[in-house]
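All remarks here apply to the structure that follows.
The values are calculated or read from the model by the stated rules, or taken from the named source; none is laboratory data. Quantities reported herein were computed from a predicted structural model and do not represent experimental measurements. Note: areas computed on protein heavy atoms with side chains; ligands, DNA, RNA excluded. Shrake-Rupley method; radii C 1.70, N 1.55, O 1.52, S 1.80 Å.
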Amino acid sequence: TTEVVIRDNLFPAIMGMDPFDIDLIHHRMDKAIRGFVYAKAAVDIALYDIMGKALDKPVYKLLGGQHRKAIPIAHSLGVVLDIEAAVDEAVAACGEGIKTIKMKGGLDPVRDMELMEKLRKAVGPHINILVDANQGYTVSDAVRTLKAFEELGVEAVEQCLPSWDLDGMRFVRSKVDLKVMLDESVHTPI
């Protein structure tokens, strides 16, 4: 989908424009098609790469320079992996220096709990673990599962409920101590 949106909607709208006119390019992309933020982000990143190469500067310099430590890289485990394969992949990633594992889940809270228990045991207490529940839990499943995740030292859980259920998210957040993040529920910067 991203490739088709870029090829059929975004490129025709911005073809021939100066890559340094980033605000105007964003405006044209938004007029060309609503949504599809991943496709627009890919074009945005490519534009910054073009600008950086033209100026012989790294992109972080174009974005204001480095003012904090590098952001740690997280290794994501696919939601369709079986438990043993996911644990093996996480262990291998940690062996290569990864310090944060992001477990994709949400299809089955029981499976997610089993995987989380095995993950924590396999990677140890010093590896950060995040969970993306992909909007897959009910409110009661979310409270129960996130409470169990707390016990295992999970750092944060992303989008455990459907994107439209903000009241449910408030309720879940009131019942757990770990960080609860929104992703698909966020549509504006404010």
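Data table
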quantity	calculated
Percent carbon-and-sulfur accessible area, the chain, ignoring ligands, DNA and RNA, probe 1.4 Å	57
Accessible-area value, Arg28, 1.4 Å probe, nucleic acids and ligands omitted, Å²	100
Accessible solvent surface per residue of the chain, calculated while the other protein chains remain in place, 1.4 angstrom probe, Å²	62
Helix 83-95 vs. the chain, principal-axis angle (Cα, 0 to 90°, nearest 10)	60
For Asp132, distant residues with modelled amide H under 5 Å away	Met103, Lys104, Gly105, Glu158
Rounded tilt (10° steps) of 166-175 against the dominant C-alpha axis of the chain	40
Exceeding the 26 Å Cα-Cα cut-off - candidates Lys57/Lys104; Lys31/Lys179; Lys40/Lys61	Lys57/Lys104; Lys31/Lys179
Between helix 139-151 and the chain: long-axis angle, C-alpha atoms, 0 to 90°, nearest 10	80
C-alpha center-to-center spacing [region 101-142, region 1-57] in angstrom	35
